[in-house]
Amino acid sequence: MSMLFTILTIRRQFIAAAALALLAPLALPTLHGALAQEKVIKVGTLKLIHAITPHFYQQFAPPGYKIEVIPFESPTDGKNAVVTGTVDFGTFGFAAAMLGAAAGEPVVIFAPQCNGGMAVVAGAKSDIKSIKDLKGKKVAIWPGSTQEVVILERLKAEGMTIKDIQSIRLPFSDMAPALARGDVDAYVGAEPGPGISLANGVGKIVEYPYSTPTGSVNMVMTTHESMTKENPELVKVFLAIHRKATEYAMSNRAAFVEMASLKLGQPKPTIEIAAPNVELTWNTDADWVTRAKYYGSEMLDKKQIRALPDYAKFIDTSFVSALAKTK
């Protein structure tokens, strides 16, 4: 009896194991299918306060979407990542986008990212009080940046050119430390650089350079031209995420400061000083487009580009226009 019971038990275990083995291949595709449905959106951004919006994207992404944020040091690196398809979407200064489009690269602006975020900063104890006072001084500028275009415009308005200053090539993250060491007399920077210089008492604001016809136009949201043509639905999904994240960050100063402090490694008091100089945005209007085109004409005039891009392809406002009609 005992032997018979043992045999029956072993037989039942064998049958159960065989059944599981048969069912396993059926279950695995279902699991893999579920995982495969998760869409990863790669977004390039810069290590700046006004480029902080992408770090809020995940909390506003629809189910099934994962946001991967990839930070870049320079606007050119971000633009190249968009052109090569390393990222699906990328935000950087308008100047970098224009340089790419004017050279025939398939970069498309489909929304703005932020306005402002720029400042001309000098040593706190220096005698520099205006743009004219920069004459003969060592001024840090990042080539190919929006700030470069803006300072060239401001110099022109004051009857000066780049030859009237000692232009020092520096990335944004090195500007505040360079001013603190005395390596430069001033810099044309991006937040949080100016905020850092003010917070540690090393720098003072010469001006926020928004008085030109370009105004405060700065960073833009871009993608590869093929994305707008072959996968417009993804652009729409992403833009909706960008809008929600932007509106959230702008209406929740504490969250904005917390995120910027966390991602940029700067103390909150520094971020608090810099934040008022930043307007995160997602919407375009006729005025924005006019200012952007003026910006392009200035780059052409200064021979930073050889020809203007086809604006009908370069600036695509159709996605923002469609989203603006919804709540």
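Structure notes:
- Test: residue in the range 259-276 that is in a helix (DSSP H, G or I) and in contact with a strand residue (DSSP E or B) (Cβ under 7 Å, 6 or more places away or on another chain): no
- Selected residue [part of a helix (DSSP H, G or I), in contact with a strand residue (DSSP E or B) (Cβ under 7 Å, 6 or more places away or on another chain) and surrounded by fewer than 19 Cβ atoms within 10 Å (Cβ to Cβ)] from THR246, THR228: THR228
- Condition check for GLN147: outside any helix (DSSP H, G or I), of a type in the set (S, T, N, Q) and in contact with a strand residue (DSSP E or B) (Cβ under 6 Å, 6 or more places away or on another chain): no
- Of all residues making up the range 279-327, the number that are outside any loop (DSSP other than H, G, I, E, B) and closer than 22 Å to ALA240 by Cβ: 12
- Test: residue in the range 186-196 that is open to solvent by less than 10 Å² (accessible area, probe 1.4 Å), at pLDDT 95 or above and over 24 Å from the mean Cα position of the chain (by Cα): yes
- ALA255 being of a type in the set (Gly, Ala, Ser) and open to solvent by less than 70 Å² (accessible area, probe 1.4 Å): yes
The values are calculated or read from the model by the stated rules, or taken from the named source; none is laboratory data. Predicted model only: the values in this text are computed from it and were never measured. Here Cβ is always computed from backbone atoms with ideal geometry, including for glycine, and neighbour counts include all displayed protein chains. Heavy atoms of the whole protein, side chains included, go into the accessibility calculation; ligands, DNA and RNA do not. Shrake-Rupley method; radii C 1.70, N 1.55, O 1.52, S 1.80 Å.
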